[in-house]
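None of the figures in this text is laboratory data; all of them are computed from the coordinates on show. These numbers come from a predicted model, not from an experiment. Cβ coordinates were reconstructed from backbone atoms using ideal geometry, including for glycine residues, and neighbour counts include every protein chain displayed.
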Amino acid sequence: MERRQSHGGPTTEHASSSPRDSGRLQLRLSGHSFVVLGLSANNNSVRLEILDKERHIISSSIVGGEHRLTNYRSVTTLHSSISGTVAVESYLVDAPPGHMAEDTCTFADTIVRCNLHSLAQIDENIVK
């Protein structure tokens, strides 16, 4: 599955969750891949690489475009614990020319934090 963004507007892909089943958070893909908040770029593609519902793994990448997430690839996993479900997202990204690696990681960390916060909000709203 691939979703293209070619008009420079913010991406609109979403991850959503379904209600908890026996205490386990389940992911449901709503036809798109994931949330990238405030990322505006020309001609970028967000590609779903892995969607493993049984192992609770989703992986995606951002291909092309003019933004600071050059060659961005991420893997998000869900882990059950006694106190709830923990979502962990790891990523790889190249620092674009003219930017320091530390600045690129700070930018990507902010996007990841927003994505995980959005996922938690979706889950909290469903549980209510």
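Kindly rank 45-52, 90-97 from highest to lowest mean number of other beta carbons found within 10 Å of each residue.
Numbers: 45-52: 15.4, 90-97: 13.9.
Put in order of decreasing packing, that is 45-52, 90-97.
At a Förster radius of 25 Å, what calculated FRET efficiency corresponds to the Cβ-Cβ distance of Thr106 and Glu66, to the nearest 0.05?
Details: r = 19 Å, r/R0 = 0.77.
Once the sixth-power term is evaluated, E becomes 0.85.
Spin-label point model (7 Å from Cα, Cβ direction): what's the Asp94 to Glu54 distance in nm?
For Asp94 paired with Glu54, the spin-label model returns 3.5 nm.
State to the nearest 20 debye the size of the charge dipole of the range 37-128 about its Cα centre, where the only charges are +1 on K and R beta carbons and -1 on D and E beta carbons.
Values: 7 positive and 11 negative charges, 41 e Å.
Here the size comes out at about 200 debye.
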